[in-house]
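To start, the structure under review is shown below, and the notes come after it.
The values are calculated or read from the model by the stated rules, or taken from the named source; none is laboratory data. On a predicted model such as this, the values are computed, not experimentally measured, just so you know. Here the Cβ positions follow ideal geometry from the backbone for every residue, glycine too, while neighbour counts run over all protein chains shown.
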Amino acid sequence: MKRSRSAELFAAAKNFIPGGVNSPVRACRSVGCDPLFITRASGSRLYDADDNVYVDFVGSWGPMILGHAHPQVVEAVTAAAGLGTSYGAPTPAEIDLAAMVVEALPSVEKVRFVNSGTEATMSAVRLARGYTGKKGIVKFDGCYHGHADSFLVKAGSGVLTLGIPGSPGVPEDIVKNTISIPYNDIGTLEETLRRHSHDLACVIVEPVAGNMGVVPPEPGFLHKLRQLTRELSIVLVFDEVITGFRLSYGGAQEMFGVNPDLTCLGKIIGGGLPVGAYGGKREIMDCVAPDGPVYQAGTLSGNPLAMAAGIATLKLLQQPGVYERLNDKAAQFAAGLSEVARKTGVPVTLNRVGSMMTGFFTAMAVTDYETAMQADAARYALHYRQMLEDGVYLAPSQFEAAFVSLAHSEEDLERTLQLTESSFKKLLGK
Ligand SMILES: *Cc1c(COP(=O)(O)O)cnc(C)c1O
């Protein structure tokens, strides 16, 4: 497969942009190849600068649940652009999208739009601190909540893949307020919350972890978390930046029947444009400026193009049977992958919730950060390169999710299974 144009572009990009990329995982270092430069996308397909075509399982890291360039989303964004791209003043579309979010998520009574998932989580933590008057936060090893200072402690794929324990530039004074504990470990959770409750503003969690590869919550974990935080007056924040509108229309909170105090959103609610949001109980949200003293602002927040893309996306997701169709398709695909692993004898632990999944190259169950790290990342790198050569675009790291979208056809998935089988055979030297 010819990649000369991508190679030229990468060389040019490195002159002007650190590492040639605007987000580190895109550099593909952990899979040992150079990034492809993408020039267009449609449905389940991505096209690179050399005009190679790929079946895409990254989906812009989650947002593209409808597939790329869905005609109704393109139409909505185009129409909005014609009316002006930003006013720095309130617009009717913000009310529409906010009302849709409030209606979709059982725990959200008010919502504030921002421009990224990072902004959402950062603002939610500030709000939790302002509301409780306490400083400490608890997060879980391997969960990623964006790149704000407080969260760069054992923080999921991007950081994991590079092997950086936190990051230089993050003051110790800030992370000393962050406690990171193992995911799915109810004992440590209870002990930590009881011991530190006097100083804890919030617990933030990915209700289904997606940034150390997909790791589902074990039965009872989220319920216990809810029960303890309620008892100890600690704000519970669900980071549903990936899972919101992905697992079901009501997100992970609907799927697992656990209502957090605050919810962070991003990815899908922007329909592929830059958006984030945080929302929750009225009593807490009323502490946000200008109603309350907790400051948070944004020049482009509630941007009309992003609102239009989000509304068009959610409208399509409201249609009856959409999530059943998506999740059934993903379940079938996952079963196919497990069967390929069994048949070829390559040890794979496949974790899947709804339409997000990770095949870990290990025979061990993957339930937390430590077990995820048992996966053979070098083997994944080889598999990644073989699949790419055959026109399948997987996440360039073992510790990421693969996303099935509504645009993947039976044929896309069937062909991907066949190519996976031949890749696995090559891994074994057959
Ligand atoms: C992607 C992600 C974020 C950060 O969102 P950005 O838009 O990249 O800032 C936060 N939390 C989770 C769970 C994510 O997957």
Scan (1) away from the ligand (no atom under 16 Å from the Cβ); (2) under 29 Å from Pro290 (Cβ atoms) for the single condition Val125 breaks and write down its number.
(1)
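Being out of contact with any strand residue (DSSP E or B) (no Cβ under 9 Å at 6 or more places or on another chain), outside the structural domain of His383 (by TED's automatic domain parsing) and more than 21 Å from Met1 (Cβ to Cβ) is true for just one of Ala80, Ala98. Which residue is that? Can you show your working first?
On the way: Ala98 fails: out of contact with any strand residue (DSSP E or B) (no Cβ under 9 Å at 6 or more places or on another chain).
Of Ala80, Ala98, the one residue that is out of contact with any strand residue (DSSP E or B) (no Cβ under 9 Å at 6 or more places or on another chain), outside the structural domain of His383 (by TED's automatic domain parsing) and more than 21 Å from Met1 (Cβ to Cβ) is Ala80.
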Flag if Leu228 is assigned to a helix (DSSP H, G or I), in contact with a helix residue (DSSP H, G or I) (Cβ under 7 Å, 6 or more places away or on another chain), in the same structural domain as Lys110 (by TED's automatic domain parsing) and away from the ligand (no atom under 12 Å from the Cβ)
yes
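Residues in the stretch 231-244 that are more than 9 Å from the ligand (Cβ to nearest atom), touching a Cys at 6+ places or on another chain (Cβ under 9 Å) and not in a loop (DSSP other than H, G, I, E, B): how many? Spell out the reasoning first.
We begin by selecting, within the stretch 231-244, every residue more than 9 Å from the ligand (Cβ to nearest atom); these are 231-238, 244.
From what's left, touching a Cys at 6+ places or on another chain (Cβ under 9 Å): 234-238, 244.
Retained after the next criterion (residues that are not in a loop (DSSP other than H, G, I, E, B)): 235-238, 244.
So the answer is 5.
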Report yes if some residue within the stretch 9-20 is out of contact with any helix residue (DSSP H, G or I) (no Cβ under 6 Å at 6 or more places or on another chain) and not in a helix (DSSP H, G or I); otherwise report no.
yes
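Looking at the stretch 131-182, which of the residues that are part of a loop (DSSP other than H, G, I, E, B) and of a type in the set (Val, Ile, Thr) is modelled with the highest pLDDT? Full working, then the answer.
First, the residues of the stretch 131-182 that are part of a loop (DSSP other than H, G, I, E, B): 133-135, 141-148, 152-155, 163-171, 176-177, 182.
Still in the running and of a type in the set (Val, Ile, Thr): 153, 164, 170.
Working: Val153: 80, Ile164: 52, Val170: 86.
Among residues in the stretch 131-182 that are part of a loop (DSSP other than H, G, I, E, B) and of a type in the set (Val, Ile, Thr), the one modelled with the highest pLDDT is Val170.
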Taking only the stretch 274-329 into account, find how many residues are more than 18 Å from Ala89 (Cβ to Cβ), more than 16 Å from the ligand (Cβ to nearest atom) and either aromatic (Phe, Trp, Tyr) or part of a helix (DSSP H, G or I) (or both).
19
Please go through the stretch 187-218 and pick out each residue that is part of a loop (DSSP other than H, G, I, E, B), more than 12 Å from the ligand (Cβ to nearest atom) and among the acidic types (Asp, Glu).
Glu218
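Out of everything in the stretch 128-152 that is among the hydroxyl-bearing types (Ser, Thr, Tyr) and within 13 Å of the ligand (Cβ to nearest atom), what residue ends up being surrounded by the fewest Cβ atoms within 10 Å (Cβ to Cβ)? Break it down into steps so the answer makes sense when it comes.
Here is the first cut: in the stretch 128-152, the ones among the hydroxyl-bearing types (Ser, Thr, Tyr) are 131-132, 144, 150.
Remaining after also requiring within 13 Å of the ligand (Cβ to nearest atom): 144, 150.
On the way: Tyr144: 27, Ser150: 21.
Per the stated criteria, the residue is Ser150.
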Residue within the stretch 274-287 that is surrounded by 24 or more Cβ atoms within 10 Å (Cβ to Cβ), in the same structural domain as Val241 (by TED's automatic domain parsing) and in contact with a Cys (Cβ under 6 Å, 6 or more places away or on another chain) present
yes
Checking the structure you have, find out if any residue of the stretch 21-42 is surrounded by fewer than 19 Cβ atoms within 10 Å (Cβ to Cβ), assigned to a helix (DSSP H, G or I) and polar (S, T, N, Q).
no
